[in-house]
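Novice: Once you've had a glance at the structure underneath, I'll fire off some questions.
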Amino acid sequence: ANSWAKSAAGLGYFAVADIGGFVESTVNSPKVAGALGLTDVKTSCVGGNLLNLIQADNKLLALLKLIVDAKQNLMCDDPSENYFMDFVHPAERIQRLFGYYSREVIMAAKSGKQLPPNEDTLLALVSKYNLGGAVAKPVRV
């Protein structure tokens with residue numbers, strides 16, 4: 001992408017927000033999760049334990065847990081504490097962090113710099129934009 005951008009006529013600046021690196025850095029960082037107030041980075045809020053059933057070695061035990069805790073397994077009590085809203089989509093706090101990260105990537109590109117999605121960068125953004133707490137709706141970035 002960067003080599004294409006260099007040859008694109010009239011392109012003032014170009015930036016790539018590393019989604020894979022962002023997800024890897026956020027999922028694997030207890031510090032980032034803690035700063036955001038996340039308590040669960042493994043299951044999703046909607047149907048989270050269905051994925052556990054699919055991935056479980058002991059399917060019978062996982063199925064029993066799914067049935068016994070049906071209410072919690074269908075929808076979590078507090079979506080603001082989960083990394084994932086469903087199997088694919090990140091929940092609100094992660095989406096907000098990615099939005100601000102993307103903004104900062106663009107601002108860095110304007111200065112000819114890059115901004116890796118590492119733990120230090122993401123913790124600084126959580127602090128800068130006060131992303132660890134509840135947000136009044138609607139939110140404006």
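Novice: How big is the stretch 78-141 along each principal axis, measuring the range of its Cα positions in Å and listing the largest first?
Specialist: Cα extents, longest axis first: 40, 25, 19 Å.
Novice: For VAL88 and ASP57 in one chain, what is 0.36 nm times their gap in residues minus the Cα-Cα distance, to one decimal in nm?
Specialist: Length gained between VAL88 and ASP57: 9.0 nm.
Novice: Hey, another quick one. Sum up the charges of everything whose Cβ sits under 12 Å from the Cβ of TYR13, counting Lys and Arg as +1 and Asp and Glu as -1, but leave TYR13 out.
Specialist: +3
Novice: Next up: Pulled fully out, how much extra length does the chain show between VAL23 and MET107, if you take 0.36 nm times their separation in residues and subtract their Cα-Cα distance?
Specialist: Full-extension gain reported as 28.2 nm.
Novice: Multiply the residue separation of GLN114 and SER127 by 0.36 nm, subtract the distance between their alpha-carbon atoms, and state the gained length in nm to one decimal.
Specialist: 2.7 nm
No value in this document is a laboratory result; all are computed from the given coordinates. Just so it is clear, the model here is predicted, and its values are computed rather than measured. Note that we place each Cβ from the backbone using ideal geometry, even for glycine, and neighbour counts take in every protein chain shown.
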